[in-house]
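Right, one structure below, let's go through it.
Quick note: the coordinates plus some simple rules give every number you see, no bench work behind them. Keep in mind it's a predicted model, so treat the numbers as computed, not measured. Methodologically, a virtual Cβ is constructed for each residue, glycine included, from the backbone with ideal geometry; neighbour enumeration extends over all protein chains shown.
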Amino acid sequence: MTELLKSQLNDATLKETNAEGGDGDEEEDDVVDPWKVVSKSEKGVDYDKLIKRFGSSKVTDELVQRFERATGKPVHHLLRRRTFFSHRDLEFILSRVEQKKPFYLYTGRGPSSNAMHLGHLIPFIFTKWLQDTFDVPLIIQMTDDEKFLFKDLTVEDVERLAIENAKDIIACGFDSEKTYIFSDFHCIGRSPAFYRNMIKVQKCVTFNQVKGIFGFGDSDCIGKISFPATQAAPSFSSSFPEIFNGKADVPCLIPCAIDQVSSSFSDIFSNDA
């Protein structure tokens with residue numbers, strides 16, 4: 001796993017470096033990351049440029065048709081209307097569906113507000129449909145530790161918000177027998193397998209790569225710099241031996257917003273679980 005992760009990180013760093021260096025016009029590109037969204041145009045964000053920059057692919061009519069053939073159902077309206085407009089390796093997951101091979105879903109929430117608004121819920125609404133359609137396990141990571149590191153919040157604040165946000169997520173109606181919702185603060189310390197994968201990812205990443213991919217600076221705390229490995233770990237089935245019976249080769253599909261595609265290790269590594 002280690003050499004493959006290093007290779008993919010180098011590719012991802014090169015993409016980010018090229019996007020930032022560019023040909024001079026890149027200075028006018030939109031800024032889209034988990035912390036801010038700034039459009040350089042009155043027309044709004046240029047999503048075609050984002051797709052190219054982040055190395056994802058457009059959701060095409062052909063892909064939607066294949067999705068419907070694989071499931072035997074019409075696609076969700078959020079996919080049909082291209083609210084979810086881009087993907088990485090969705091064809092790989094559809095191939096596994098056609099071959100009757102397992103996969104799982106992984107998504108999450110960084111709890112920083114007392115309640116989740118509609119924008120927060122859209123990925124969970126779509127994830128609920130994916131779970132119902134494919135009848136697969138779902139992992140939901142509550143990154144309370146992330147919000148402690150990135151926001152002006154206390155540990156007690158983020159732990160309380162994680163509980164409140166989890167209530168909103170549960171209300172979406174996920175299959176309670178196939179859904180695992182966990183808080184980083186409360187669960188990682190009790191999971192050696194999860195921690196091992198965190199450390200494996202950390203060893204594959206240099207500080208220069210972190211700065212290139214995530215935009216961290218010299219004044220950022222070391223907790224921020226190392227955190228992406230925590231968010232990457234759930235994309236490996238080996239992080240949850242009690243759920244996947246020790247299997248380390250079950251891939252995952254990660255429904256998320258485009259800003260998360262720009263920053264999440266889990267999107268880079270999700271097919272190498």
Residue-ordered couplings for the range 121-129, obtained by feeding phi - 60° into the Karplus form 6.51 cos²θ - 1.76 cosθ + 1.60 and rounding to whole Hz (Gly and Pro as x), are 7, 4, x, 6, 4, 5, 5, 4, 5
Residues meeting the amide H criterion for T206 (H placed from the backbone, H to H distance under 5 Å, 5 or more places apart or on another chain) are none
Taking 178-186, 229-237 and ranking on average Cβ neighbours within 10 Å, highest first, one gets 229-237, 178-186
Karplus ³J(HN,Hα) for the range 237-252 (6.51 cos²θ - 1.76 cosθ + 1.60, θ = phi - 60°; Hz, whole; x = Gly/Pro) runs 4, 5, 6, 10, x, 6, 8, 9, 6, x, 6, 10, 10, 8, x, 10
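Net charge within 9 Å of T230 by Cβ-Cβ distance, Lys/Arg positive one each and Asp/Glu negative one each, not counting T230 itself?
Local net charge: -3.
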